[in-house]
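The values are calculated or read from the model by the stated rules, or taken from the named source; none is laboratory data. All figures in this text were calculated on a predicted structure; none of them were measured in a lab. Virtual Cβ from ideal backbone geometry, glycine too; neighbours counted across all protein chains shown. Just the protein is used for accessible areas: all its heavy atoms, side chains included, with ligands, DNA and RNA removed. Shrake-Rupley method; radii C 1.70, N 1.55, O 1.52, S 1.80 Å.
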Amino acid sequence: QVRLVESGGGLVQAGGSLTLSCTASGRTFSSYAMGWFRQAPGKEREFVAAISWSGGSIYYGDSKKGRFTISRNNAKNTVYLQMNSLKPEDTAVYYCAAAYGAYSAQAVEYAHWGQGTQVTVSS
(Lines give C-alpha, C1' and ligand atoms only; values in the text may rest on other atoms or scores of the structure.)
Protein backbone atom coordinates (compact mmCIF):
# COMPACT_ATOMS: atom_id res chain seq x y z
CA GLN A 1 0.00 0.00 0.00
CA VAL A 2 1.03 3.56 -0.59
CA ARG A 3 -0.54 6.73 0.73
CA LEU A 4 -0.28 9.87 -1.38
CA VAL A 5 -0.54 13.44 -0.11
CA GLU A 6 -0.60 16.40 -2.50
CA SER A 7 0.39 19.94 -1.61
CA GLY A 8 1.21 23.22 -3.30
CA GLY A 9 -2.16 24.19 -4.69
CA GLY A 10 -3.60 27.64 -4.31
CA LEU A 11 -4.81 30.78 -6.03
CA VAL A 12 -2.66 32.30 -8.77
CA GLN A 13 -3.18 34.90 -11.46
CA ALA A 14 -3.23 33.96 -15.10
CA GLY A 15 0.31 33.70 -16.41
CA GLY A 16 1.66 32.69 -13.04
CA SER A 17 3.28 29.48 -11.87
CA LEU A 18 2.73 26.83 -9.23
CA THR A 19 4.57 23.69 -8.26
CA LEU A 20 2.57 20.81 -6.89
CA SER A 21 4.15 18.10 -4.79
CA CYS A 22 2.94 14.63 -4.00
CA THR A 23 4.66 12.73 -1.24
CA ALA A 24 4.18 9.01 -0.80
CA SER A 25 4.39 6.90 2.29
CA GLY A 26 5.98 3.47 2.22
CA ARG A 27 9.25 2.15 0.95
CA THR A 28 8.21 1.08 -2.53
CA PHE A 29 7.65 4.49 -4.12
CA SER A 30 10.38 3.90 -6.69
CA SER A 31 8.46 0.84 -7.93
CA TYR A 32 5.50 2.91 -9.08
CA ALA A 33 4.85 4.94 -12.16
CA MET A 34 3.27 8.21 -11.12
CA GLY A 35 0.69 10.40 -12.76
CA TRP A 36 -1.07 13.70 -12.33
CA PHE A 37 -4.72 14.13 -13.23
CA ARG A 38 -7.13 17.01 -12.77
CA GLN A 39 -10.85 17.46 -12.53
CA ALA A 40 -12.74 20.70 -13.00
CA PRO A 41 -16.31 21.16 -11.75
CA GLY A 42 -18.77 19.41 -14.02
CA LYS A 43 -16.03 17.81 -16.11
CA GLU A 44 -14.47 14.39 -16.31
CA ARG A 45 -11.10 13.64 -14.78
CA GLU A 46 -8.38 14.59 -17.24
CA PHE A 47 -4.88 13.21 -17.66
CA VAL A 48 -2.14 15.77 -17.13
CA ALA A 49 1.21 13.97 -17.07
CA ALA A 50 2.87 10.71 -16.11
CA ILE A 51 6.39 9.58 -15.33
CA SER A 52 7.96 6.14 -15.21
CA TRP A 53 9.41 4.66 -12.03
CA SER A 54 12.91 5.75 -13.00
CA GLY A 55 11.93 9.14 -14.35
CA GLY A 56 13.35 8.17 -17.70
CA SER A 57 10.04 8.24 -19.55
CA ILE A 58 7.53 11.07 -19.41
CA TYR A 59 4.20 11.56 -21.08
CA TYR A 60 2.02 14.68 -21.19
CA GLY A 61 -1.62 15.18 -21.99
CA ASP A 62 -2.75 17.41 -24.82
CA SER A 63 -1.89 21.09 -24.35
CA LYS A 64 0.21 20.42 -21.24
CA LYS A 65 3.59 19.85 -22.84
CA GLY A 66 5.63 23.03 -22.82
CA ARG A 67 3.77 24.54 -19.88
CA PHE A 68 3.82 21.67 -17.37
CA THR A 69 6.81 19.62 -16.22
CA ILE A 70 6.57 16.41 -14.24
CA SER A 71 9.54 15.13 -12.28
CA ARG A 72 10.25 12.84 -9.35
CA ASN A 73 12.77 12.37 -6.59
CA ASN A 74 12.71 8.76 -5.45
CA ALA A 75 15.00 9.51 -2.52
CA LYS A 76 12.30 11.87 -1.20
CA ASN A 77 9.33 9.72 -2.25
CA THR A 78 7.99 12.75 -4.08
CA VAL A 79 6.66 13.57 -7.52
CA TYR A 80 6.30 17.15 -8.70
CA LEU A 81 4.25 19.04 -11.24
CA GLN A 82 5.69 22.40 -12.24
CA MET A 83 3.02 24.50 -13.93
CA ASN A 84 3.90 27.67 -15.83
CA SER A 85 1.89 30.17 -17.86
CA LEU A 86 -1.25 29.12 -16.05
CA LYS A 87 -4.62 29.85 -17.61
CA PRO A 88 -8.08 30.12 -16.04
CA GLU A 89 -8.98 26.84 -17.76
CA ASP A 90 -6.29 25.12 -15.69
CA THR A 91 -8.50 25.63 -12.64
CA ALA A 92 -9.26 22.21 -11.15
CA VAL A 93 -8.55 19.81 -8.35
CA TYR A 94 -5.24 18.14 -9.12
CA TYR A 95 -4.66 14.54 -8.08
CA CYS A 96 -1.55 12.45 -8.05
CA ALA A 97 -1.77 8.71 -8.53
CA ALA A 98 0.47 5.66 -8.41
CA ALA A 99 0.40 2.79 -10.87
CA TYR A 100 2.03 -0.60 -10.83
CA GLY A 101 4.14 -1.20 -13.88
CA ALA A 102 4.26 1.16 -16.82
CA TYR A 103 3.08 4.77 -16.77
CA SER A 104 -0.25 5.44 -18.40
CA ALA A 105 -2.68 8.18 -19.37
CA GLN A 106 -5.60 6.00 -18.25
CA ALA A 107 -6.93 6.64 -14.77
CA VAL A 108 -8.04 3.02 -14.42
CA GLU A 109 -4.40 1.93 -14.48
CA TYR A 110 -3.68 3.77 -11.24
CA ALA A 111 -4.25 1.85 -8.02
CA HIS A 112 -3.60 4.60 -5.47
CA TRP A 113 -4.81 8.19 -5.38
CA GLY A 114 -4.23 11.24 -3.27
CA GLN A 115 -6.99 13.42 -1.90
CA GLY A 116 -6.32 16.23 -4.38
CA THR A 117 -5.22 19.84 -4.15
CA GLN A 118 -7.17 22.79 -5.51
CA VAL A 119 -5.59 25.04 -8.12
CA THR A 120 -7.47 28.20 -9.00
CA VAL A 121 -6.27 30.52 -11.75
CA SER A 122 -7.86 33.95 -11.83
CA SER A 123 -8.14 35.99 -15.01
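Annotation: the antiparallel percentage among DSSP beta bridges lying fully within the chain is about 90. Just to verify a number: FRET efficiency for GLU44 and GLN82, C-beta to C-beta distance, R0 = 22 Å, to 0.05? With R0 = 22 Å, the Cβ-Cβ based efficiency is 0.35.
Restricting attention to segment 1-92, the count of lysine pairs at 8 or more positions apart or across chains with alpha carbons under 19 Å apart stands at 4. A simple charge model with +1 on the Cβ of Lys and Arg, -1 on the Cβ of Asp and Glu and nothing else charged puts the dipole of the chain at about 260 debye relative to its Cα centre. Here segment 34-123 has 48 percent of its accessible surface on carbon and sulfur atoms, given a 1.4 Å probe and all protein chains in place. Extension gain, ASP62-SER123: 0.36 nm per intervening residue step, less the Cα-Cα distance, totals 19.8 nm. Measuring max minus min along each principal axis, the C-alpha atoms of the chain give extents of 41, 25, 25 Å (largest first).
Taking trypsin sites (Lys or Arg not before Pro) across segment 1-102, the ones in a DSSP loop with at most 15 further Cβ atoms lying within 10 angstrom of their Cβ are ARG3, ARG27, LYS43, ARG45, ARG67.
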